[in-house]
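Participant: Here it is: the structure, laid out below.
The values are calculated or read from the model by the stated rules, or taken from the named source; none is laboratory data. Because the structure is predicted, anything quoted here is derived from the model rather than measured. Cβ placement follows ideal geometry from the backbone for every residue including glycine, while neighbour counts extend to all protein chains displayed. We work out accessible area using only protein heavy atoms, side chains counted, and drop any ligands, DNA or RNA first. Shrake-Rupley method; radii C 1.70, N 1.55, O 1.52, S 1.80 Å.
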Amino acid sequence: AVARALLGAGYRVALAGRRPEALDETAQGDPAALVVPTDVASPDSVSALFEAARRRWGRVDLLVNNAGTFGPSGAADEISVADWKATVDTNLTGAFLCAREAVATMKAQDPQGGRIINNGSISAHTPRPGSIAYTATKHAITGLTKSLSLDGRPYGIACGQIDIGNAATEMTAGIARGARQADGSIVAEPTFDVAHAAEAVLYMAGLPLDTNVQFLTITATTMPFIGRG
């Protein structure tokens, strides 16, 4: 949804992900879209992604760090170390690797600078039950966002974070059917059209580099976030 919103607004967009068919479906043959199959947990794969973008367009003005996985469900003693590491590799290390390449590119290009938008989560503030790996990585994204925002200042690099609660996607379909609450009950939670999240990202992206949305939270109005637990 974010990629399509950016394309619709006239951006040239490199689409990165592990499923080429999904990237092609999103690109819909748009000549302004560049499909680059990528594993964000692989430094070499991420480097190849940014090299492809630079080769096509000569610069990178925007990075949207959107890759993520819910990871394992359970208490700390119920999840494997391998599942923990896989979640960290995708949600946190992947965002770092992409930011690392973006910052290097944005420092070197002329004119200098650019913008990074990290997809945090409501879980960057408050966890769901049994989501320790996901929650830890999303809290860490907030630290990544703050550090990138601070360290990017001398180079015209702005960094902000969008925290999305219950946008209706394939990944969140289970939440609409029923999500475990802090008291152990299972409750169907409200969702909202993901297009509104994409519009929020588009707003953040379109600001001049002397202006930044540091944190933006968008949720379904009656989502049990305020008052969660």
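Participant: Using a 1.4 Å probe on the protein chains only, how many percent of the accessible area of region 3-101 belongs to carbon and sulfur?
Facilitator: Carbon and sulfur atoms account for 50 percent of the accessible area of region 3-101.
Participant: How charged is the neighbourhood of CYS159? Take every other residue with its Cβ under 12 Å from the Cβ of CYS159, and add Lys/Arg as +1 and Asp/Glu as -1.
Facilitator: After counting each charged neighbour, the total is +2.
Participant: Right, here's the next one. May I ask you to order 29-36, 102-109, 157-164 by the average number of other C-beta atoms within 10 Å around their residues, highest value first?
Facilitator: The most tightly packed comes first, giving 157-164, 102-109, 29-36.
Participant: Could you pull out every one of the lysines with an alpha carbon less than 28 Å from that of LYS107, ignoring same-chain neighbours closer than 8 positions?
Facilitator: Cross-link targets: LYS138, LYS146.
Participant: If amide hydrogens are placed 1.01 Å from N in the peptide plane, which non-local residues have theirs closer than 5 Å to the one on ILE157?
Facilitator: Answer set, sorted by chain and number: GLY114.
Participant: Could you tell me which helices of the chain pass both thresholds, a Cα extent of 15 Å or more along their own axis and a mean Kyte-Doolittle hydropathy of at least 0.0, with helices taken as whole DSSP H runs?
Facilitator: 94-108, 132-152, 194-205
Participant: For region 66-168, which chymotrypsin sites (Phe, Trp or Tyr not before Pro) are in a loop by DSSP, counting at most 15 other Cβ atoms within 10 Å?
Facilitator: none
Participant: Using a probe radius of 1.4 Å on heavy atoms only, what accessible surface per residue do you get for the chain? Whole Å² is fine.
Facilitator: 50 Å²
Participant: For region 117-194, taking Cα atoms only, what is the radius of gyration to one decimal and the Dmax to the nearest whole Å?
Facilitator: 15.1, 49
Participant: Which percent of the accessible area of region 164-206 is formed by carbon and sulfur heavy atoms (probe 1.4 angstrom)?
Facilitator: For region 164-206, the apolar C and S fraction of the accessible surface comes to 56 percent.
Participant: Cα extents of the chain along the three principal axes, largest first, in whole Å?
Facilitator: In descending order, the Cα extents are 54, 36, 35 Å.
Participant: Another one. Once the Cα atoms of region 28-112 are picked out, what are the Rg and Dmax in Å?
Facilitator: Using the Cα atoms of region 28-112, the pair Rg, Dmax is 15.7, 50 Å.
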